[in-house]
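FYI, it's all coordinate maths here, none of it is from the lab. These figures come from a predicted structure and were not determined experimentally. Positions of Cβ are backbone-derived with ideal geometry, glycine not excepted, and every protein chain shown enters the neighbour counts.
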Amino acid sequence: MPIDPNHPSLRERLAKIRLLVTDVDGVMTDGLGYYDDEGMRIRAFSMRDGFGFVMAKFAGIELGIISGNQSGTVNARMKKFGVTRIKGGHFRKTGFFKEILDETGIEAAESAYIGDDLFDLPVMRLAGVSFAPADAHEVVRGQADGVTFAHAGFGVVREVIEAIIKAKGLWDKVLEDIEKDEKGGLG
């Protein structure tokens, strides 16, 4: 089902979201592995998602990252937006998700998760609302509460954040706060 923050059953659940946790590869990136001549992996991130993190901050939404692969690029990218809950290193993500819930004191029903592949399904089932990118694995799309119009690496996180903000009735407030903020939401 496409994300419709005005759909009554989804709007009610989205309005309760206090925490958004997302996978990285296949959600925040296009899922492809780019390597330079020295074998260093390079990732491309959507600037739209970056601004989505700023919007989430203004809306009071906590953020977390869970990735099967630990990466300095992910840590550096998230540091720019003040995201400190970065977990990963293996594909069993349920434990990481529970750690983030414990650290924040937020209930699973007040959380959303974005995943794209089969390893994400257990976390998607625990979260209050689950999302998948348009090009996620077909089983994942079939089990997600919402599927983004955006493909992986092209604003998936931003689309979900905007839907949550709209469902919470905070859209105008967030836009006003962003306009007034002289630090660009980063400080």
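Grab the beta carbon distance between H7 and H151, set R0 = 22 Å, and tell me the FRET efficiency rounded to 0.05. Working shown, then result.
Numbers: r = 22 Å, r/R0 = 0.99.
Once the sixth-power term is evaluated, E becomes 0.50.
Which of L19, L126, L32 moves most in a GNM of the chain, Cα contacts under 10 Å?
Result for the chain, Cα springs under 10 Å: L32 fluctuates most.
Once label points are set 7 Å from the Cα along Cα→Cβ at both K98 and E179, what is their separation, rounded to one decimal in nm?
My value for the distance between the label points is 4.6 nm.
Charges at C-beta only: +1 for Lys and Arg, -1 for Asp and Glu. How large is the resulting dipole of the chain about its Cα centre, in Debye rounded to 20? Mind showing how you got there, number by number?
Numbers: 24 positive and 29 negative charges, 83 e Å.
It works out to roughly 400 debye.
So between M40 and D172, what do we pick up on full extension, going 0.36 nm a residue minus the alpha carbon distance?
That pair, M40 and D172, stretches by 43.3 nm at full extension.
Where does the longest stretch of the chain lie that holds no trypsin sites (Lys or Arg not before Pro) found in a DSSP loop with 14 or fewer other Cβ atoms within 10 Å? Intermediate values should be presented prior to the final figure.
Values: sites that count: K80, R92, K183.
It works out to 93-182.
How large is the charge dipole for region 28-127, taken about the Cα centre, if only the Cβ atoms of Lys, Arg (+1) and Asp, Glu (-1) carry charge, to the nearest 20 debye? Don't skip to the end; give the middle numbers.
Details: 13 positive and 14 negative charges, 37 e Å.
With Lys and Arg at +1 and Asp and Glu at -1, about 180 debye.
As I understand it, the dipole of the chain uses +1 on the Cβ of Lys and Arg and -1 on the Cβ of Asp and Glu, about the Cα centre. Which of Q70, G60, A144 lies farthest toward its positive end?
After comparing all options, I get G60.
Run through the DSSP bridge list for the chain and note the antiparallel percent, rounded to the nearest 5.
Details: 2 of 20 bridges.
Of the beta bridges lying entirely in the chain, close to 10 percent run antiparallel.
Could you tell me which of the pairs K87/K173; K98/K168; K87/K180; K79/K173; K98/K180 are separated by over 28 angstrom between their Cα atoms in the structure shown? Mind dumping the intermediate values first?
On the way: K87/K173 31 Å; K98/K168 24 Å; K87/K180 33 Å; K79/K173 25 Å; K98/K180 36 Å.
K87/K173; K87/K180; K98/K180, as the Cα separations exceed 28 Å there.
Viscosity 0.692 mPa s, temperature 37 °C: Stokes-Einstein D of the chain from its Kirkwood Cα radius, in µm² per second? Don't skip to the end; give the middle numbers.
On the way: Rh = 16.3 Å.
The calculation lands on 201 µm²/s.
So what are the ³J(HN,Hα) numbers for region 35-43, from phi and the Karplus equation (6.51, -1.76, 1.60; θ = phi - 60°), rounded to whole Hz, Gly and Pro as x?
Working through the residues one at a time gives 10, 8, 5, 8, x, 7, 7, 10, 10 Hz.
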